[in-house]
Amino acid sequence: MKQETSPRVLPRVLPYTVRLSPTPRGARLARLLATEQLRSWGLPVDPGAVVVAELAANAVTHGRVAGRDFRLTLYAAGDVLRIEVTDTRGDRLPRRGPGGPDADGGRGLLLVDALALRWGTAAGPAPLKTVWAEVRTGRGGTPAADPPGADLGAGFEGDLGDGLGRLGEFGAIGGCGRGEAELVF
């Protein structure tokens, strides 16, 4: 029997976006809404919901401007979930804190770094910034199956329509992969 090969078809991108108040309640709601959206897409809740919680908490704690919301955006393509949290404090870029055992904070981005394939920031039109992370969804390949330097965001082509760049390139500024120490509010 002769097997035919077909051209590679990129997976459909599933977008979800919601604006939330920059309050602790808004951060909790971000995690709850993300959890329900992931379930509706048939994706595992974790580690995506944990990353959403950390990025939303950072936006509320460090990116808050009175009267301005933050935005949560989720994209799922293939076995990659991209999480973006946009706030209106583009002048305050995240950096990892010491996160010592007695510290009150500073561990959130360490957790994001441990769970994400890669993460970073993207500048938006002033005064916006987006902190993004990509995690495996468990649909498809495994991290070991990807060769070093594989373009995990290959299915994210197209204009976002919000002036924040193209998903194919992810417009990353200050991107971090596993083990890189770059980015604490």
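The values are calculated or read from the model by the stated rules, or taken from the named source; none is laboratory data. Fair warning: this is a prediction, and the values are worked out from it, not measured in the lab. Cβ: placed from backbone, ideal geometry, glycine included. Neighbour counts: every protein chain shown. Side chains are part of the model used for accessible areas, which takes the heavy atoms of the whole protein and leaves out ligands, DNA and RNA. Shrake-Rupley method; radii C 1.70, N 1.55, O 1.52, S 1.80 Å.
Structure data summary
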{"quantity": "Residues of the range 35-47 classified as buried (at least 19 other Cβ atoms within 10 Å of the Cβ) and out of contact with any strand residue (DSSP E or B) (no Cβ under 9 Å at 6 or more places or on another chain), total", "calculated": "0"}
{"quantity": "Flag for L29 being in a helix (DSSP H, G or I) and more than 19 Å from R96 (Cα to Cα)", "calculated": "yes"}
{"quantity": "Contacts under 7 angstrom Cβ, first residue in the range 51-69 being farther than 12 Å from K129 by Cβ, partner open to solvent by 50 Å² or more (accessible area, probe 1.4 Å) and in a helix (DSSP H, G or I), 6 or more apart", "calculated": "V51/L115; V52/R31; A53/R31; E54/L111; A56/R31; V60/P24"}
{"quantity": "Within the range 48-67, tally of residues that are open to solvent by less than 30 Å² (accessible area, probe 1.4 Å) and at pLDDT below 95", "calculated": "4"}
{"quantity": "The range 7-25 - residue that is under 17 Å from the mean Cα position of the chain (by Cα) and modelled with pLDDT of 95 or more and, of those, surrounded by the most Cβ atoms within 10 Å (Cβ to Cβ)", "calculated": "L20"}
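Here is a yes/no grid of residues against (1) over 17 Å from A59 (Cβ atoms); (2) among the hydrophobic types (A, V, I, L, M, F, W, C); (3) surrounded by 12 or more Cβ atoms within 10 Å (Cβ to Cβ); (4) at pLDDT 85 or above:
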{"residue": "P94", "(1), (2), (3), (4)": "no, no, yes, no"}
{"residue": "G99", "(1), (2), (3), (4)": "yes, no, yes, no"}
{"residue": "T121", "(1), (2), (3), (4)": "no, no, yes, yes"}
{"residue": "P127", "(1), (2), (3), (4)": "no, no, yes, yes"}
{"residue": "L152", "(1), (2), (3), (4)": "yes, yes, yes, no"}
